[in-house]
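The values are calculated or read from the model by the stated rules, or taken from the named source; none is laboratory data. Quick caveat: nothing in here was measured; it's all calculated off a predicted structure. Cβ: placed from backbone, ideal geometry, glycine included. Neighbour counts: every protein chain shown.
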Amino acid sequence: MKLHLRGTAAYDEALARLTDRGDDDLDRVAPAVTEILHAVRTRGDAALAEYSLRYDGAVPSPFAYGPAEMAAALQALDPALAEVLRFSAARIRSFHERQVEPGLRYTDGDGVSLGWRVRPLARVGVYAPGGKARYPSSVLMAAIPAAVAGVGEVLLATPRPTVEILAAAALAGVARVFDVGGAQAIGALAYGTAAVPRVDKIVGPGNLYVACAKKLVFGRVAIDGIAGPSEILVVADEGADPEAVAADLLSQAEHDEAAYPLLITTTAAVAGRALAALERQLAALPRRDIAGASVRANGHAFVVGDLAEAARVATALAPEHLALLVRDPEALLPAIGAAGAAFLGDFTPEAAGDYLAGPSHVLPTGGAVRFSSPLGVYDFLVRTSVIRYDRASLGRHGAAVAAFARAEGLEAHARAVEVRLRPEYNER
């Protein structure tokens with residue numbers, strides 16, 4: 001992990017590079033992804049089978065899993081793990097039930113009835129990656145908010161689903177699971193095939209090919225965002241436990257070689273103790289090769305002058321995960337402008353948020369928290385504006401609407417108002 005002291009050129013250069021970390025090079029894989037998407041769109045299930053054979057060495061059998069297979073997987077799961085999944089699912093569901101949004105109607109002072117109607121999406125596709133690790137937690141974290149929102153059908157696409165994945169799907173209310181991964185899975189969900197229905201929105205993380213595919217199909221379907229490597233920013237003051245700091249950094253480094261473990265601290269001594277602890281813990285980590293590559297390539301520790309500067313740097317970095325290992329995290333949090341999920345205090349490890357605290361762990365990365373939010377019930381709802389005039393209220397607004405329309409050169413707009421204001425116009 002690289003150490004950067006305040007006031008040095010290296011400090012400024014590293015911070016500048018990290019604030020642009022969201023500029024992933026999707027162009028590198030775009031030609032291959034475009035070819036895959038075209039094949040899936042034109043040849044459907046035959047293309048899915050071809051890519052499964054090419055990348056996974058076999059055509060999936062079965063290709064789809066329904067409620068019976070998912071229920072059987074939950075039944076077959078180790079009882080202790082099944083109970084953990086149920087506990088996690090209950091907490092995730094409880095949190096997201098508080099996000100359910102009702103519609104609204106009101107009548108303003110001019111007698112116009114206004115408001116909005118809220119409805120859930122009809123069908124959503126969740127993608128769960130199947131690369132270096134499998135994530136039943138991500139199935140719960142993405143599918144349960146959709147189910148709570150009232151989505152009519154939640155589908156899951158994931159390569160080679162394990163019994164844990166199928167069990168999580170059962171608990172999350174997934175209707176069907178499809179054994180398909182990569183860009184071809186995104187294409188199947190976006191365009192539809194004979195076996196895979198077209199969805200309204202695709203959510204969930206994935207590799208560079210999946211991210212590129214989501215970007216290319218956006219517009220035909222909605223997406224939650226373009227996910228990049230996982231990241232954590234730990235802010236530690238002089239009282240922080242270096243072992244906890246190191247453990248939090250490694251909890252994200254072990255995800256992927258491209259992950260970003262970042263540290264901001266107020267003294268060089270704290271940084272030194274934390275980095276020493278990180279090296280000790282890394283040596284005993286089962287995924288030390290992955291975590292070590294992440295630490296070497298993307299690990300940075302910034303020594304700042306005080307917590308006010310720490311807040312400014314944290315805001316500039318706009319991290320996916322923000323861990324505040326400081327004496328008064330509640331006081332520091334309002335000074336930090338952008339973070340996907342904030343973990344406050346010495347007893348709040350980021351891992352708790354990954355598995356069962358409640359909020360979805362599907363978060364924007366690469367600084368995208370500047371303009372986007374964690375996955376939630378609101379991601380699966382759409383709104384319809386509702387407007388109703390009567391004769392009296394249209395009479396109050398009609399002249400202004402017609403004048404505005406004519407100012408824009410749109411005569412038919414003006415006449416559409418005036419025809420209704422004729423004395424002989426029939427009101428029903």
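Computed values, structure above
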read-out	value
Contacts under 7 angstrom Cβ, first residue in region 44-71 being within 26 Å of A170 (Cβ to Cβ) and assigned by TED's automatic domain parsing to the domain that holds V196, partner surrounded by 16 or more Cβ atoms within 10 Å (Cβ to Cβ) and of a type in the set (D, E), 6 or more apart	P60/D179; F63/D179
Test: residue in region 258-268 that is more than 19 Å from K2 (Cα to Cα) and surrounded by fewer than 24 Cβ atoms within 10 Å (Cβ to Cβ)	no
Identity of the residue in region 62-71, part of a loop (DSSP other than H, G, I, E, B) and over 21 Å from A39 (Cβ atoms), that ends up modelled with the highest pLDDT	G66
Which listed residue, of T315, T365, is in the same structural domain as A247 (by TED's automatic domain parsing), among the polar types (S, T, N, Q) and touching a Gly at 6+ places or on another chain (Cβ under 9 Å)	T315
Filtered residue count, region 340-388, keeping only those that are out of contact with any Asp or Glu (no Cβ under 9 Å at 6 or more places or on another chain) and either acidic (D, E) or assigned to a strand (DSSP E or B) (or both)	7
Any hit, region 48-57, residues being at pLDDT below 95, more than 26 Å from the chain's Cα centre (by Cα) and not in a helix (DSSP H, G or I)	yes
Strands (runs of 3 or more DSSP E) within region 98-143 that include 1 or more residues under 19 Å from the mean Cα position of the chain (by Cα) and at pLDDT 95 or above	113-120, 123-127
Which numbered condition K215 fails, given (1) surrounded by fewer than 24 Cβ atoms within 10 Å (Cβ to Cβ); (2) in a loop (DSSP other than H, G, I, E, B); (3) not assigned by TED's automatic domain parsing to the domain that holds G353	(2)
Flag for A351 being closer than 19 Å to P229 by Cα, among the aliphatic types (A, V, I, L, M) and modelled with pLDDT of 95 or more	yes
Any hit, region 271-278, residues being part of a loop (DSSP other than H, G, I, E, B) and either crowded, with 22+ Cβ neighbours inside 10 Å or at pLDDT 95 or above (or both)	no
Every residue from region 231-258 that is among the small types (G, A, S), under 21 Å from A133 (Cβ atoms) and at pLDDT 95 or above	A246, A247, S251, A253
Residues of region 220-261 that turn out to be of a type in the set (V, I, T), farther than 30 Å from R41 by Cα and not in a strand (DSSP E or B), as a count	1
Residue that is farthest from V84 (Cα to Cα), among those in region 328-339 that are out of contact with any Gly (no Cβ under 8 Å at 6 or more places or on another chain) and not in a loop (DSSP other than H, G, I, E, B)	A335
Residue identified as aliphatic (A, V, I, L, M), touching a residue at least 40 places away in the same chain (Cβ under 8 Å) and surrounded by fewer than 14 Cβ atoms within 10 Å (Cβ to Cβ) among L104, L81	L81
Any hit, region 72-89, residues being under 22 Å from L375 (Cα atoms), in a helix (DSSP H, G or I) and within 19 Å of the chain's Cα centre (by Cα)	yes
